[in-house]
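What follows is a set of notes on a single structure, which appears directly below.
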Amino acid sequence: MQLVVDLQEGFDGEDVLIRAPGVEPIRLAGLRTRMQTGLAHSLSIQLDGAAGGRTLSVVVPALALSQAVALPVDVPAAWLGISLARERDALELRIQDTPFGYV
Amino acid sequence: MSDDNAFDTEELLQDEAGFEEDGTAGPQAPAAGLAAGVQAPQPSGAALVAPVRLRASGLYRSRAGSGLLPFRRSMELRLDVDGRYPQSTASGVLRGGLQSLHWIASVSRIAANTWRGTLWFKDGATSLLPHTRVEIRVSGTLLRPRTARVRFSGAGASMTHDMEFISPWFDQVEFEFDQTDDAHPARTIGTHSHPNRPATLPSETLSIEDAFRRAGFNVSVAPAGPPVPLAAAGANSTWSDTELHDAMQLHWSRFDNRAQWALWVMHARQHDSGQSLGGIMFDDIGPQHRQGTAIFTDSFISNAPAGDAAPAAWVARMRYWTAVHEMGHAFNLAHAWQKSLGNGWISPLPDDPESRSFMNYPFRVAGGQTAFFSDFAFRFSDAELLFMRHAPRRFVQMGHAAWFDHHGFEGASTSPQPQLRLELRVHREQRRLQFLEPAMVELKLSNVSDDPVLLPVDLLEGGHHLTLVVKRGQNPARVWQPFATACHQPRLCVLAPAQSLYEPVFVGAGKGGWLVDEPGTYTLQACLHLPSGEDIVSTPLELRVSPPSQQAEYVHAQDFFSADVGRVLAFDGSRADVLDSAMNTLRQTTAQFGECAAARHAEVAVGMPLRQAGKLLRPGAQGAPEVHASTPDPIQARDLLESALLKDRHAAAATLGHIEYRMYAERFAAWLAKDAGDPPAAAATMRAACDTLRARHVKPEVIADMESFTQTIAAVGAVGAVEAAVGAAARAGTPRKQGEHERS
C-alpha cells in the first residue's frame, strides 16, 4: 500500500515523528505550514500489504502530543492528512481514499 | 455642518451609464462596480421617467485645501453604503503636514443621503483625528457633481471636510493574464452552467475581472501575448515556484520592484508538486510579495467527482474559482479558516471555516464541495470585502505588505501615504552573496510627494534615526548596531520632490557581531524614525548566502567571522597592533581566495592603510603614550587596490556597492596623482571607474561629477585641486549628496 502523508495546518517549526508498521520511524524536522496552501510537507511511504488494519502513530515531541490512526485494509493507496489543532493541544488525523487538494 | 437639504430637493444627477443598480449585474453592465443604491426623490416634471437612483458609494477627495502647507489638511473618503455588497462602512485617510491617519467607521443611514457612525479603527497619527463619530451627507444635481460633506465630532471641536466625488471604484488595478500552450484557463463562467447552485443565483456570465469589480476595484486587463510554447522545455513542462517567479520578472510587462496595483496571473498545466496543487500565489519570494499567482488547470481541479451531473461545467467552475482564489491571496486575503493566524490587520480576526467565499476550500466545509457550491454566490465574504475596500492600502496593494503579514515592524507609526519612501537595495542581479562575502547594502530615501521635505542631514546614518534588523531564516531578528556613531551639530536639509538621499551600510557585521555570515536566507528591513514621530519602513530585502564552494572557505570562516575582522572591514583597515590578527586574516583572504568577492573587501582593508604613514598611539618607555608613524608600503598598496578596484571592475562595484566603489576609486586615484606621482594612472583609474558605473546605469550626473574629477587629477600641477575634490569623498561615513546615485 502506498500511503501519502500530508502535514497540513498549524505547524510552526515543530519536529514530527511518524511510526508506521514495517518501516523505520520517520522524523520530519522544523515543519512550517505554508499559508498559501495549508500544507507544510508531503511524503509517500510504501507499506507492505500486512500494514492494513495496523496502527500508524504521529508524535509531536515539543508539544507532547501523539495520535494514532488505523490504516485501511486492502487498498492500493491511501492519503493521510495531519494537522495541529488551532489551540495546539491536539493532533487531527484524517485518512481518505483520494488525494488532498491545495490551492 | 450645514443642514442644507439640497440633495433632497434639487434636480437629480443621472447615474453613469454602465453602472449597476440595486446590486444586480449582467452582461449588459460589463463595467459593473459598486452598485446603485441611494434613492433620491423624483424631480418635478419627470413623471414619465422611472425614478433615478443615485449611488453614494465611491471614492471622494477633499477639495483643494487652503492655508500654509504644513497646516493644510486633505482627506480621502471611501463611502460604502449602497450598491453591490455594501459594508455600511466609511473610511478615509486624513493628511496634515508630514502626518496622516487612516480611519474606518461603521455607519448607518439616518436620513435621506445621510449616514452616521462610530470610528472603530485608527492607524497613524491619531492626533490628527481625536474624534469618535462621523456624519456624511451626499449631494448632487444634474448641474453639480456629487459631493460629500464629512463632519467629525465626539472629541474636541468638530471638523468638517467637503469632498468631491472621484470614482465609483475605490482603487484601480491591472491584471495581466498569461498562459502556457498546454493550459486550459477558464476566464469566464456561466453561473448557471452547473446545476448544483443556489436557487436564487442570477444567471449571468462572470469574468474573473467581474469578481474583483464587485469588490470595488476598477479592473483593467493588459493585452495578453500569445500562449507560451513549452516545446523547448522538453519533458520538464511543470513549474516550480522559483521558475514562476523568474518568469514573472522576465515575462510580465509591469514587473517592478515596488508596490503597485498590478498582478500577473499565469495559467499553466501543472506545478512540480503534481496534481494536488491547483494554484499558488507563489510570490512570497524577494522584497515585494503578492505580485504573481499561478493556476494549474490540469491538477485536481480538473477531476470532477465521479457521477457528477455536469463534469465539464464542474471543471470550468473550479478553474474559474481557483483563479479568483489565488488572485485573492495577492490582495493579501487568507484562507477562510486561517483568518485568526498571523498578523491580522485588525486583531483578532475570526475564522470563517463555513463561509461560501472564494477564499474558502469547497471541500473543507461540512457536506463537502456539493454543500459549498449549492450555496456559493461567486463572491467574497463581507469580512474580505471590508478588508479589500477599507484596510490601509499598504496591507492590500500588491508588492506592499509581505504576504500574510500586514507589517514587518509591529507598532511602527507609519502613514498609509507617506511622503518618503525608504528602500534597501544591492547592486546585483541576484540577491545572492558568496560565502565569506561581507554584506553591503544601500539605503535610498526618496521624496515621493509633491512638496519639499525638511530632514536631518544625518537621517540615514546608523545610531541615530535608523533601525535596521536582520533575520536569518526563522531565527529571531537581530538589530544591526554600527561600530561607530557620529555626533554632528544638528542640521537640516531640504529634500526636493523626486530627490533621494543615499547611504551605504556594511550590514554584515556590527557591534553585536556578525549578522550575515552562515549560508542561508536573510531578510533585512530598515525603519527610519522621523523627528515628527512618523516611521518610514522599507520593504524587506531578502539576501541569500551561498554555501562554501570549497572546504578551505569553511575552515577560513572560523577566523574571518570574528569581531575584529568585522571592525577592520568597517573602518577600511587598521594600523593598530591589537588588530594585527584580524589584518593577517584579511591578508590570508587575499592570498588564498583571490577570486572571491571577500578578497575585494580584504584588499581594500589591507591596502588603504598602506598608502601612507599614519599615526599610532603606543605606550612609551615610561608608560606614557607616544605617537609613532606607521611605515607605508606604496607598492603593495597599489597592487592591492588595483586588484580590488580594477581587476574585475563589475564584480568590485557589485560587492562594494556603487557609492563605496566610487569613493574608493576617487581616494585611490587622488593618492596616485598626489603621493605616487602618477597622474596618468590616476586618470586611467577614474576613467575605468566611470566606465564601470556608467555601464551599471548610475545616474549621468554622478558620472559627470566623476569625469570632472578625472580631468582635475589628470591636469599636471593640479594637486591642490585634487586635495579639495577628494576631501569629502575621503571622509568615511559622510552622508551622501542628494541624488548622488540612481539606477535607471
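Please verify whether B:HIS465 is in contact with a strand residue (DSSP E or B) (Cβ under 8 Å, 6 or more places away or on another chain) and more than 28 Å from B:THR585 (Cβ to Cβ), treating the condition exactly as stated. Steps first, answer last, please.
On the way: in contact with a strand residue (DSSP E or B) (Cβ under 8 Å, 6 or more places away or on another chain): yes; more than 28 Å from B:THR585 (Cβ to Cβ): yes.
Against the criterion (in contact with a strand residue (DSSP E or B) (Cβ under 8 Å, 6 or more places away or on another chain) and more than 28 Å from B:THR585 (Cβ to Cβ)), B:HIS465 qualifies.
I need every pair where a residue in the stretch B:96-124 that is at positive phi and in contact (Cβ under 8 Å) with a residue 40 or more places away in the chain has its Cβ under 9 Å from the Cβ of a residue that is basic (Lys, Arg) and buried (at least 23 other Cβ atoms within 10 Å of the Cβ), sequence separation at least 6 or different chains.
Listed pairs, sorted by first residue: B:ASN113/B:ARG137.
Which members of the stretch B:442-469 meet the condition of being over 20 Å from B:HIS658 (Cβ atoms), of a type outside the set (Val, Ile, Thr) and in a strand (DSSP E or B)?
Scanning the stretch B:442-469 gives B:ASN447, B:LEU454, B:LEU455, B:PRO456.
Could you tell me which of the residues B:ARG394, B:ARG356 is more than 10 Å from chain A (Cβ to nearest Cβ), touching a residue at least 60 places away in the same chain (Cβ under 8 Å) and either among the charged types (D, E, K, R) or part of a loop (DSSP other than H, G, I, E, B) (or both)? Lay out the reasoning, then the answer.
On the way: B:ARG356 fails: touching a residue at least 60 places away in the same chain (Cβ under 8 Å).
Only one candidate passes the filter, namely B:ARG394.
Can you go through B:ARG197, B:ARG187 and tell me which one is out of contact with any strand residue (DSSP E or B) (no Cβ under 7 Å at 6 or more places or on another chain), away from chain A (no Cβ under 14 Å) and surrounded by 14 or more Cβ atoms within 10 Å (Cβ to Cβ)? Working first, answer last.
Details: B:ARG187 fails: out of contact with any strand residue (DSSP E or B) (no Cβ under 7 Å at 6 or more places or on another chain).
The match here is B:ARG197.
From B:SER106, B:SER66, grab the single residue that is at pLDDT 85 or above and either touching a His at 6+ places or on another chain (Cβ under 6 Å) or surrounded by fewer than 20 Cβ atoms within 10 Å (Cβ to Cβ) (or both).
Step by step, each of B:SER106, B:SER66 is checked, and only B:SER106 is at pLDDT 85 or above and either touching a His at 6+ places or on another chain (Cβ under 6 Å) or surrounded by fewer than 20 Cβ atoms within 10 Å (Cβ to Cβ) (or both).
Among the numbered criteria (1) assigned to a loop (DSSP other than H, G, I, E, B); (2) in contact with an Asp or Glu (Cβ under 9 Å, 6 or more places away or on another chain); (3) in contact (Cβ under 8 Å) with a residue 40 or more places away in the chain, which one does B:PHE376 miss?
Among (1) assigned to a loop (DSSP other than H, G, I, E, B); (2) in contact with an Asp or Glu (Cβ under 9 Å, 6 or more places away or on another chain); (3) in contact (Cβ under 8 Å) with a residue 40 or more places away in the chain, the lone unmet condition for B:PHE376 is (2).
Please return the ranges of helices (runs of 4 or more DSSP H) entirely within the stretch B:636-700 where 3 or more residues are within 23 Å of B:ALA715 (Cα to Cα) and more than 31 Å from the chain's Cα centre (by Cα).
Details: elements: B:649-656, B:658-674, B:679-695.
Hits in the stretch B:636-700: B:658-674, B:679-695.
Mind listing just one residue for me: the one in the stretch B:275-294 that is out of contact with any Leu (no Cβ under 9 Å at 6 or more places or on another chain) and closer than 13 Å to A:THR37 by Cβ and, of those, farthest from the other protein chains (Cβ to nearest Cβ)?
In this case the residue turns out to be B:ASP284.
Could you tell me which residue of the stretch B:241-274 is nearest to B:ARG394 (Cα to Cα), considering only residues that are within 14 Å of chain A (Cβ to nearest Cβ), surrounded by 16 or more Cβ atoms within 10 Å (Cβ to Cβ) and not aliphatic (A, V, I, L, M)?
Residue satisfying both the conditions and the ranking: B:HIS245.
Just to be sure, is B:ASP210 part of a strand (DSSP E or B), touching a residue at least 24 places away in the same chain (Cβ under 8 Å), in contact with a Phe, Trp or Tyr (Cβ under 9 Å, 6 or more places away or on another chain) and assigned by TED's automatic domain parsing to the domain that holds B:ARG269? Steps first, please.
On the way: part of a strand (DSSP E or B): no; touching a residue at least 24 places away in the same chain (Cβ under 8 Å): yes; in contact with a Phe, Trp or Tyr (Cβ under 9 Å, 6 or more places away or on another chain): yes; assigned by TED's automatic domain parsing to the domain that holds B:ARG269: yes.
For B:ASP210, the condition - part of a strand (DSSP E or B), touching a residue at least 24 places away in the same chain (Cβ under 8 Å), in contact with a Phe, Trp or Tyr (Cβ under 9 Å, 6 or more places away or on another chain) and assigned by TED's automatic domain parsing to the domain that holds B:ARG269 - is not met.
Surrounded by 16 or more Cβ atoms within 10 Å (Cβ to Cβ), over 25 Å from the mean Cα position of the chain (by Cα) and under 16 Å from B:HIS325 (Cβ atoms): which single residue out of B:THR297, B:THR293, B:THR238 fits that description?
Values: B:THR293 fails: over 25 Å from the mean Cα position of the chain (by Cα); B:THR238 fails: under 16 Å from B:HIS325 (Cβ atoms).
None of the other options fit; the residue is B:THR297.
Could you tell me whether any residue of the stretch B:364-377 is away from every other protein chain (no Cβ under 11 Å) and under 24 Å from the mean Cα position of the chain (by Cα)?
No, the stretch B:364-377 has no match at all.
Give, as residue ranges, the strands (runs of 3 or more DSSP E) completely inside the stretch A:40-103 that count at least 3 residues that are within 14 Å of chain B (Cβ to nearest Cβ) and closer than 25 Å to B:PHE363 by Cβ.
Numbers: elements: A:41-46, A:55-60, A:65-70, A:77-84, A:91-96.
Strands (runs of 3 or more DSSP E) meeting the threshold: A:41-46, A:77-84, A:91-96.
Scanning for something surrounded by 13 or more Cβ atoms within 10 Å (Cβ to Cβ) and assigned to a strand (DSSP E or B), does the stretch B:580-601 turn up at least one residue?
Scanning the stretch B:580-601, I find no residue that is surrounded by 13 or more Cβ atoms within 10 Å (Cβ to Cβ) and assigned to a strand (DSSP E or B), so the answer is no.
Could you say which residue among B:TYR361, B:TYR320 is closer than 24 Å to A:GLU87 by Cα, surrounded by 19 or more Cβ atoms within 10 Å (Cβ to Cβ), touching a strand residue (DSSP E or B) at 6+ places or on another chain (Cβ under 9 Å) and touching a residue at least 24 places away in the same chain (Cβ under 8 Å)?
Values: B:TYR320 fails: closer than 24 Å to A:GLU87 by Cα.
It is B:TYR361.
The values are calculated or read from the model by the stated rules, or taken from the named source; none is laboratory data. What you are looking at is a predicted structure, and each value in this text was computed from that prediction instead of being measured. Cβ: placed from backbone, ideal geometry, glycine included. Neighbour counts: every protein chain shown.
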